[in-house]
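**Q** Quick one: this structure, given as structure tokens, is what I'll be asking you about.
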Amino acid sequence: PYPPPPPPSQEETSRKMAMVAVGVLHHHILSASSRIVCLSSCSRPPLSVSSGVAKVVLKKGKTQLFKDGSPMVYSGAVDRIIGKPPPQTGDVVIVADGTENPIGWGLYNSVSMFCVRLMQLQHESTRDPSCALNIEKLLQTRITQAVQLRNSLGLPAENNTNAYRLVNSEGDRLSGLIVDVFGDIAVVASSAAWLEKYRSHVEACLRSSIHGINHINWRPSLDVLKEDGFDISSLKQTQTSSSAPPLPERSMVVENGISYAISLEGQKTGFYTDQRENRRFISTISAGKRVLDLCCYSGGFALNAARGGATTVLGIDSSLPALELARENVILNRMDPGNVVFFKQDSTEFMKGALSREETWDIVILDPPKLAPRKKVLHNAAGMYRSLNSLAMRLTSSGGLLMTCSCSGAMTQSGKFLGILQSAAAMAGRKITVVREAGAASDHPLDPSYPQGQYLSNILLRVL
């Protein structure tokens, strides 16, 4: 009933179109602005927005080593520390270059010559911000990754091997932390002050990450902790205060299908998992051979030689508790105690006596204790290695094999071990050729940016 409204004039139409255009433009401006704000906040490196975290600023020219991944920031590389109050040992700190741009974060030590152990680099924090400046989260992530690596290596292996290294310090990006697993027991060797501060977190991560762990044996490396500035008197209380079930003094493990009784109060963590693959190799070359195992400890090489078909095996060690374990292990594996024999004697004295009796063996294994714990004693240690190996070569039958080892990091890293063996051969009047070179087992990963983590040399020689 009503007439339609008159059509808008051309002037009114132009005015409405202009208003719409302005509105659309305003919307785009706001939208772009919000995107710019979001982009700037999302792309900002996580370490640059931290508050209340001290910053360790490196000297100019000292940055690249740590950007390349070296985990130990030595005090001589530090220019200044920004933060009040100053950080305490075990505190999380940011490590920055000379212009104060973060290169990573780590754990501070106010006393040690290594004032920061780098835990995560800047690009890693950007890629995985959940771990940035969060040591608890980082511990869980790194221990989980360590478990996954061992699983990919076939460890543990049901009915074959349940003794292995789970965490290998810098090789698993947890500097100072060693964890060996022996069946249902995890043995922790702590050699850094930060680990004592975060002990409860480490233990919780181990319990949640490793299936079947019933006990955790925390064994602080006292001498190393002293060097790291830790007050070891405070350990007396923390060692006894635990709600966990009592730890057995002895345990049983399986390695390469061979059973071992181990003492949890013995050397290092209780068992040398680093030689597992070298012990297995011995079992493949021992059939029909007479084998001598010097510095045999609890009989690892000797038992593998016997399992491999050696006609006779003789183990020598100066430790009576170790030899008691070795003899027990013979019985455990239902081997003939008349074929696998262990004697308590100093290895040098035994070798001199055997030479006077003109005895020789087809395969000789020499795995002495650490003779060069530091570079400053390397010269003296070289002489001891030379003498020991010269005697061992003289006890090796012509054409026989000598497996000789050094667990001294200073010796292995010096690159001098093979030269010392050549000198020992000359001293013995023998000729040697290298048949095989090896190191620690594959569950002992190394960080190439931290070559100081390499310590074990295992060299198989043919002796003529």
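**Q** If the reach is capped at under 14 angstrom between alpha carbons, list the aspartates and glutamates near residue 226, excluding any in the same chain fewer than eight residues apart.
**A** Filter leaves 196.
**Q** Now for a separate question. Per residue, how many Å² of accessible area does the chain show with a 1.4 Å probe?
**A** Working: 22640 Å² over 464 residues.
Accessible area per residue, the chain: 49 Å².
**Q** Let me ask something else about it. Which lysines have a Cα less than 16 Å from the Cα of residue 268, not counting those fewer than 8 places away in the same chain?
**A** Output for residue 268: 370.
**Q** Please return the longest stretch of the chain lacking exposed loop sites, where GluC sites (Glu not before Pro) count only if DSSP places them in a loop and at most 15 other Cβ atoms lie within 10 Å. Numbers along the way, then the final one.
**A** Numbers: sites that count: 100, 158, 249, 265, 358, 359.
That gives 360-464 as the longest site-free run.
**Q** Would you please give the residues with an amide H less than 5 Å from that of residue 95, counting only those at least 5 places away or on a separate chain, with H modeled from the backbone geometry?
**A** 56, 103, 104, 105, 106
**Q** Put +1 on the Cβ of every Lys and Arg and -1 on every Asp and Glu Cβ in the chain; which of 74, 275, 181 then has its Cα farthest towards the positive end of the dipole?
**A** 74
**Q** Let me ask you something else. For a 27 Å ceiling on Cα separation, which of these pairs sit above it: 60/197; 344/375; 84/197?
**A** Working: 60/197 32 Å; 344/375 31 Å; 84/197 21 Å.
Long pairs (Cα-Cα over 27 Å): 60/197; 344/375.
**Q** Another question, if that's okay. Quick check on the chain: of the DSSP beta bridges with both residues there, what percent are antiparallel, nearest 5%? Write out the running numbers ahead of the final one.
**A** Details: 48 of 76 bridges.
Rounded to the nearest five, the antiparallel share is 65 percent.
**Q** With a ≥ b ≥ c taken as the square roots of the eigenvalues of the C-alpha gyration tensor of region 111-192, please select rounded if a/c is under 1.5 and otherwise prolate if a/b is larger than b/c or oblate if it is not? Intermediate values should be presented prior to the final figure.
**A** Details: a/c = 2.85, a/b = 1.59, b/c = 1.80.
Verdict is oblate for region 111-192.
**Q** For the chain, what is the Kirkwood hydrodynamic radius in Å, using each pair of distinct C-alpha atoms? The partial results should precede the final answer.
**A** Values: mean 1/r = 0.0389 Å⁻¹.
After inverting the pairwise mean of 1/r, the radius is 25.7 Å.
**Q** Rounded to a whole number, what % of the accessible area of the chain do carbon and sulfur atoms account for, probe 1.4 Å?
**A** Numbers: 12390 of 22640 Å².
Carbon and sulfur together cover 55 percent of it.
**Q** Mind running the shape call on region 377-464? Use the C-alpha gyration tensor, a ≥ b ≥ c as the square roots of the eigenvalues: rounded below 1.5 for a/c, prolate if a/b tops b/c, oblate otherwise. Each step should come with its number before you reach the end.
**A** Values: a/c = 2.80, a/b = 1.61, b/c = 1.75.
Judged from the Cα gyration tensor, region 377-464 comes out oblate (a/c at least 1.5, b/c at or above a/b).
**Q** Which of the listed residues, 365, 340, 354, is farthest toward the dipole's positive end in region 340-379, when Lys, Arg count +1 and Asp, Glu count -1 at the beta-carbon?
**A** It is 365.
**Q** Looking at the square roots a ≥ b ≥ c of the eigenvalues of the Cα gyration tensor of region 88-146, which shape do they give, rounded for a/c under 1.5, prolate if a/b is larger than b/c, or oblate? Please report the intermediate quantities before stating the final value.
**A** Details: a/c = 2.32, a/b = 1.23, b/c = 1.90.
Taking the square roots of the gyration eigenvalues as a ≥ b ≥ c, region 88-146 is oblate.
**Q** Determine which aspartates and glutamates satisfy two conditions relative to residue 55: a Cα distance under 13 Å, and not lying fewer than 8 residues away in the same chain.
**A** Leaving aside aspartates and glutamates fewer than 8 places away in the same chain, those within reach of residue 55 are 79, 91, 97, 100.
**Q** So, one more: Once whole DSSP H runs in the chain are found, which of them have Cα atoms spread over 20 Å or more along the helix axis and a mean Kyte-Doolittle score of at least -0.5?
**A** Numbers: long enough: 10-43 (49 Å, 0.34); 135-152 (25 Å, -0.34); 378-394 (24 Å, -0.11).
Once both thresholds are applied, what remains is 10-43, 135-152, 378-394.
**Q** Could you give the radius of gyration (one decimal) and Dmax (whole number) of the Cα atoms in region 295-406, in Å?
**A** Answer for region 295-406, Rg first and Dmax second: 14.5, 46 Å.
The values are calculated or read from the model by the stated rules, or taken from the named source; none is laboratory data. Bear in mind that the values here come from a model prediction, so they are computed numbers and not experimental data. Note that we place each Cβ from the backbone using ideal geometry, even for glycine, and neighbour counts take in every protein chain shown. Surface accessibility is based on the protein's heavy atoms, side chains included, excluding ligands, DNA and RNA. Shrake-Rupley method; radii C 1.70, N 1.55, O 1.52, S 1.80 Å.
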